[in-house]
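S.K.: Just dropping this structure here.
No value in this document is a laboratory result; all are computed from the given coordinates. Keep in mind that this is a model prediction, so the values were computed, not measured. Cβ atoms come from the backbone with ideal geometry, glycine included; neighbour counts cover every protein chain shown.
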Amino acid sequence: MSSFKQSMWGRLAPTAACSGVLLVLLAGCTQLGPRERQSLNEAKGLYDRNQFSEAIKWLNPVIKDFGQAAEIGEAYYLRGLCRSKLGDPKGATADFEQAIASSRNDAVIVRSKISLAAVSFQTGQWSKAADLYVEVVPRLEDKPPADQVLFYAGTALRRAGRWREATQFYARILHRFPNSPIAADARRMAGWQHEYFAIQLGAYQDAGNAERAVQAYRTRNLDFVQMENHPWSGRVLWVVMTGRHRTYEDAVAALNRIRSIVPDASIIP
């Protein structure tokens, strides 16, 4: 029996920096003095070297003493990235929101909204994440990491219950980024025809093996066990799955129960 244990539906975990959305310090006229500008540059260098706590020490005085500076949004944005890396979603959220409110630079605002969406995604605030992603997508150029943002947007929309809208975002990846590394995952997500989440129990190359697995799982008191064929790396696999969960939270609860029977079960799509 040939079975693929991992889920066919690859899932990328968004980060606040969004895989390439980096801080770009502004040049030109500024309300900050040379010393404060140097502090921002020092913090940026520390962030690039993964010294997040040290970077925050450089940023705190700038934010405290120059809160009305035209470019203070940069400092809030960078501190938000640092706090996100340090596992402080509450602090990161506050900084990104302040960066959005105080910045006069559109690039900083867009990056802050993407990062705020990522933190919202990571903390299960699907509607907030979806709204932020949807807002920024039209303002992105057709180049990476826009493909990743589109994927996160689709995933957040689905988890927020906005299924049809989500499919449109996966389709955009296939249209605008057909050669992206994320395109295969987007194609699988776009091909999901249901407006519910299910739990994948296994994936099989042979339909007969999948049918036998369905019958075996049905004897173990699992609901709505079925099989469907789905494309995978240029071929078709038979996915055996159970459940029809309208919300992502219901699917997570079901997964916790089902893993006592199938340890490597996973949520799809």
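S.K.: If the chain between A253 and Q51 were fully stretched, how many nm would it gain, using 0.36 nm times the residue separation less the Cα-Cα distance?
M.R.: My answer for the length gained is 69.0 nm.
S.K.: Using the Kirkwood radius built from alpha carbon pairs, what does the Stokes-Einstein equation give as D for region 193-268 at 4 °C and 1.567 mPa s, in µm² per second?
M.R.: 103 µm²/s
S.K.: Another question, then. Which number gives the lysine pairs in the chain that have C-alpha atoms under 21 Å apart and are eight or more places apart or on different chains?
M.R.: So the count of such lysine pairs works out to 13.
S.K.: Something else now. Suppose a student asked you for the relative contact order of region 101-204, using Cα pairs under 8 Å spaced at least 6 residues apart; what percent would you report?
M.R.: For region 101-204, the relative contact order is 19 percent.
S.K.: Mind ordering 178-188, 107-117 by average Cβ neighbours within 10 Å, highest first?
M.R.: Ranked by mean Cβ neighbours within 10 Å, highest first: 107-117, 178-188.
S.K.: Order the peptides 56-62, 249-255 from the highest to the lowest mean number of other Cβ atoms within 10 Å of their residues.
M.R.: 56-62, 249-255
S.K.: What's the angle, to the nearest 10 degrees (0 to 90), between helix 163-176's Cα axis and the longest principal axis of the chain?
M.R.: 70 degrees
S.K.: Out of K64, K143, K44, any idea which swings most in a Gaussian network model of the chain, alpha carbons joined below 10 Å?
M.R.: Its mean-square fluctuation being the largest, the pick is K64.
S.K.: Then there is this: When you take every Cα atom in the chain, what is the radius of gyration, and what is Dmax, the widest Cα pair distance, in Å?
M.R.: Reported Rg and Dmax, both Å: 22.0, 72.
S.K.: Oh, and also: Springs between alpha-carbon pairs under 10 angstrom, Gaussian network model over the chain: which of E141, E71, E195 fluctuates most?
M.R.: Of E141, E71, E195, the Gaussian network model singles out E141 as fluctuating most.
S.K.: Sticking with this structure for a sec: Within region 205-267, report the trypsin sites (Lys or Arg not before Pro) that DSSP leaves as loop and that have at most 12 other Cβ atoms within 10 Å.
M.R.: Of the trypsin sites (Lys or Arg not before Pro), the ones in loops of region 205-267 whose Cβ has at most 12 other Cβ atoms within 10 Å are R220, R246.
S.K.: Another question, then. For the chain, what relative contact order do you get, as a whole percent, if you take Cα pairs closer than 8 Å and at least 6 residues apart?
M.R.: 19 percent
S.K.: Using alpha-carbon pairs under 8 Å, 6+ residues apart, how would you state the relative contact order of region 34-188 in percent?
M.R.: 13 percent.
S.K.: Want the number for S260 to Q193: 0.36 nm per residue separation, take away the alpha-carbon distance, what's left?
M.R.: 21.3 nm
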